[in-house]
Every structure is written in structure tokens, then in C-alpha cells.
1. Restricting attention to segment 80-111, which residues are out of contact with any Ser or Thr (no Cβ under 9 Å at 6 or more places or on another chain), farther than 21 Å from residue 31 by Cβ and in contact (Cβ under 8 Å) with a residue 24 or more places away in the chain?
2. Enumerate the pairs (first residue in segment 171-190 and surrounded by 10 or more Cβ atoms within 10 Å (Cβ to Cβ); second residue anywhere and at pLDDT below 90) with beta-carbon separation below 9 Å, excluding pairs fewer than 6 apart on the same chain, so at least 6 apart or on different chains.
3. Counting only residues that are on the phi > 0 side of the Ramachandran plot and modelled with pLDDT of 90 or more, how many does segment 36-61 have?
4. Output the residues belonging to segment 1-34 that are within 30 Å of residue 105 (Cβ to Cβ) and outside any strand (DSSP E or B).
5. Looking only at segment 24-55, how many residues end up being of a type in the set (Val, Ile, Thr) and closer than 18 Å to residue 97 by Cβ?
6. Please go through (1) more than 30 Å from residue 7 (Cβ to Cβ); (2) surrounded by 11 or more Cβ atoms within 10 Å (Cβ to Cβ) for residue 167 and return the number of the only condition it doesn't satisfy.
7. Here are the criteria: (1) charged (D, E, K, R); (2) modelled with pLDDT under 90; (3) closer than 22 Å to residue 12 by Cα. Tell me which single one residue 144 does not satisfy.
8. Considering only segment 150-159, I want to know if a residue exists there that is under 19 Å from residue 4 (Cβ atoms), at pLDDT 90 or above and not polar (S, T, N, Q).
Amino acid sequence: MRIKDVAEVRTGLVIARKKVSEQDKDRYPYKMLNLKCILPKGYIDFNLTEAVELNEKVKPEFTSHIGDILIRLTAPYTAVMITKSDECGYIIPSHFAVIRVDENKASPEYIYWVLKRDTTKQKIIQNISGSTAFGTISSGFFNELKVNDLPLKQQQIIGKLTVLSDKEQELLHELTIQKQLYNKIISETIYKMAKRGN
């Protein structure tokens, strides 16, 4: 099967057309995902999202929902998945393809696993326009991407393992940041004490 057989694929919102100008009376505040907040390990750092004001309300198809798979359309073509309610409602800009899987036809987590595979990344690189470092991939590429049609239960098992692995990577990342901060504070404290002769 192809992804288009089990999912809707679209490109995110073109933000430049919607940003408020001085003449606009209506202003709608949103939080927006961006390339910086998509970490290479495959999860989103929501501390790096940005605030934007737009001149009209955004249609729901351009905001994040549970089960959405987002893929950077530029290198490193990272795929991420929205898995929690507090990750919903963020604007998805046109730097991303959005894949919404019909759960009656396939497991979203399984499709997510397929998109994260090295073999898929190789296919993406073979189909980019532009140089390898700066090339872009069309969201239409994902419509035609072939996926092995496994039984749904097996899809769900593979998918759950993938999401659990992502959560583990995210927790390890947070732990590393906290440990670096802790070590910095300890080092600074020892240094100050040494300067005072203690």
C-alpha cells in the first residue's frame, strides 16, 4: 500500500500571507512550531516554539492534533509525532508535511516508524530538489511512499515501541540538560569559595 491509501498528506500553513500588518484590526495570537524545536532524535522541544499574531483564525487542519506525524521538508528530514493533548493547537508552518492517518486503515505509530527508518531517509535523499545539504522534499513524495501492509496488531506493537523509544530519548535529553546545569552550579560555587579562600 501507499501512504495516500491510509492517510491524508498536506503541507503546513504559509505564514507570511497571514502575519498581521499595521492596518489589520483583527489579531489572533498563536503558538507556532518551527524548525529549531524539532530535535534530530525525533521529538519536539516545545520551549523553542514561537509566538505569532495572525490576521485571521487558522483552520484546524493547520494546527497540531494527537496522532499527527510531522516531517521536516528540509534536511535532516526528521519525523516527529504529536502524542499528548498539551502538544495540540500549535500552528504547523509550511516547512513541514503533515500526515494524518485513518486509524481504521493503519496505525499512525506504525506509519511514523516507517517514516523514521533509514531506508525511508535514503529514499527522501534520492528525491530531493537541490543540493543534499539544502535540498527540499515535496510533501507529495510521501503520498506515493510504499508501506508494507502488516496486520494491524503487529503495526500497533511496532508503533508503540517506536513511541516509547522517543520518550526515552526525550527524558535522557532533559536529564542531560539538568545534569549540565547542576555541574555548572557546583563548579561555580567551588570556584567562588576558592576565590574567598575557603
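1. Listed by number, the residues that qualify are 102, 103, 105, 106, 107, 108, 111.
2. Listed by first residue and then by second, the contacts come to 172/41; 173/39; 173/41; 173/43; 173/45.
3. Of segment 36-61, the ones on the phi > 0 side of the Ramachandran plot are 42.
This time we only want the ones that are modelled with pLDDT of 90 or more, so: none.
Final tally of qualifying residues: 0.
4. Scanning segment 1-34 gives 1, 3, 4, 5, 6, 12, 14, 33.
5. To start, the set of residues in segment 24-55 that are of a type in the set (Val, Ile, Thr) comprises 38, 44, 49, 52.
Filter again for closer than 18 Å to residue 97 by Cβ, leaving 38, 44.
Looking only at that region, the number is 2.
6. (1)
7. (2)
8. Yes - at least one qualifying residue is present in segment 150-159.
The values are calculated or read from the model by the stated rules, or taken from the named source; none is laboratory data. Predicted model only: the values in this text are computed from it and were never measured. A quick note on method: Cβ atoms are made from the backbone with ideal geometry, for glycine too, and the neighbour counts reach across all protein chains shown.
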